[in-house]
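Engineer: Please see the structure below; I have some questions.
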Amino acid sequence: QSVLTQPPSASGTPGQRVTISCSGSSSNIGSTFVYWYQQLPGTAPKLLISRNNQRPSGVPDRFSGSKSGTSASLAISGLRSEDEADYYCAAWDDSLSVAVFGGGTQLTVL
Amino acid sequence: QVQLVQSGAAVKKPGASVKVSCKASGYTFTSHYIHWVRQTPGQGFEWMGIINPDGGNTHYAQKFQGRVTMTRDTSTTTLYMELSSLRSDDTALYYCTRGYSGNADFDYWGQGILVTVSS
């Protein structure tokens, strides 16, 4: 039921590169910035990627974001065990006048 | 350092109201908007609304219009979110988060408060 669509799960082995997709529409991703959040178990979300591809201070450069049209992606390179978490994309929806989120992708490091 | 500290965890009966607080510190209180977002296992994250601490203007998601009230107290740098006519599907973790108007850029989050609605 989420406005933005993400795969429910993703996995990789240590050192691998993993990508997580986020699909939206012209009223959200297609017209505004995309943000990515990391949520470790039992904690509040943490801003991981701002304005499509900007890393806030302290976020390792292993994390990168991109956007094309009405879709966005989060890439994690050099996968580490501590990257095991839930990842959410978010954007403002100009038609609904609300922030909208993806349903989240649970990343497992095998 | 920027902190948003929440309180107000509660177990409420259907039809009751709950008021959650969010104490802001470590930055100029009126310089950033505060959004309220909730998280449920079934619905994921839902954006509820936004308040401008500088003046108190609010904008609520249509889904919560008429049931939610967001306020602030500048003397204590505390924000409040009150939700009325509670239903079982309002059971969720409620977060306050700092951001801006018109985007989903939430740079600091409260720890989250669990509100359980049960008869």
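Engineer: Distance between the C-alpha centers of region B:23-46 and region A:32-99? Whole Å please.
Structural biologist: 17 Å
Engineer: Enter the mean number of other protein chain beta carbons within 10 Å of the beta carbon of each residue in A:92-102, as an integer.
Structural biologist: Per residue, the number of nearby Cβ atoms from other chains is 6 on average.
Engineer: Taking chain B as a Gaussian network, where each spring joins two C-alpha atoms under 10 Å apart, which residue of B:47, B:36, B:109 fluctuates the most?
Structural biologist: Between B:47, B:36, B:109, it is B:47 that shows the largest mean-square fluctuation.
Engineer: Along the Cα→Cβ direction, 7 angstrom out, place labels at residue B:3 and residue A:11. What is the inter-label distance in nm?
Structural biologist: Between residue B:3 and residue A:11, the simple spin-label model gives 4.0 nm.
Engineer: Still on this structure: At q = 0.07, 0.12 Å⁻¹, what log₁₀ I(q)/I(0) does the protein assembly as shown have when each alpha carbon counts as one equal point scatterer in the Debye sum?
Structural biologist: Log10 I(q)/I(0), no solvent term: -0.22, -0.64.
Engineer: Now for a separate question. Could you give the dipole magnitude of region A:1-91 about its Cα centre, charging the beta-carbon of Lys and Arg +1 and that of Asp and Glu -1, in debye to the nearest 20?
Structural biologist: Here the size comes out at about 240 debye.
Engineer: Once you place label points 7 Å from the Cα toward the Cβ at residue B:118 and residue B:31, how far apart are they in nm?
Structural biologist: Rounded to a tenth, the inter-label distance reads 4.2 nm.
Engineer: Across region B:105-115, in residue order, what do the Karplus-derived ³J(HN,Hα) couplings come to in whole Hz, using 6.51 cos²θ - 1.76 cosθ + 1.60 with θ = phi - 60° and x for Gly and Pro?
Structural biologist: So the J values, rounded to whole Hz, are 8, 10, 8, 9, 10, x, 7, x, 10, 8, 10.
Engineer: Would you kindly calculate the translational diffusion coefficient of region B:76-119, applying Stokes-Einstein with the Kirkwood radius from alpha carbon pairs, for 20 °C and a viscosity of 1.002 mPa s, and quote it in µm² s⁻¹ without decimals?
Structural biologist: Stokes-Einstein gives a translational diffusion coefficient of 173 µm²/s.
Engineer: Take the Cα atoms of chain A, build their convex hull, and give its volume per residue in Å³.
Structural biologist: 92 Å³
Engineer: So who's got an amide H within less than 5 Å of the one on residue A:85, skipping anything under 5 residues away but keeping other chains? H placed 1.01 Å off N, in plane.
Structural biologist: A:107
Engineer: Using the heavy atoms of the protein chains and a 1.4 angstrom probe, tell me the accessible area per residue for the protein assembly as shown in square angstrom.
Structural biologist: Result: 45 Å² per residue.
Engineer: Which residues does a label at residue B:74 reach in region B:34-63, if reach means a backbone N under 14 Å from a point 7 Å past the Cα toward the Cβ?
Structural biologist: B:52-57
The values are calculated or read from the model by the stated rules, or taken from the named source; none is laboratory data. Worth saying up front: this structure is predicted, and the values here are computed from it rather than measured. Ideal geometry is used to build each Cβ from the backbone, glycine not excepted, and the neighbour counts take in all protein chains shown. With ligands, DNA and RNA removed, areas are computed over all heavy atoms of the protein, side chains included. Shrake-Rupley method; radii C 1.70, N 1.55, O 1.52, S 1.80 Å.
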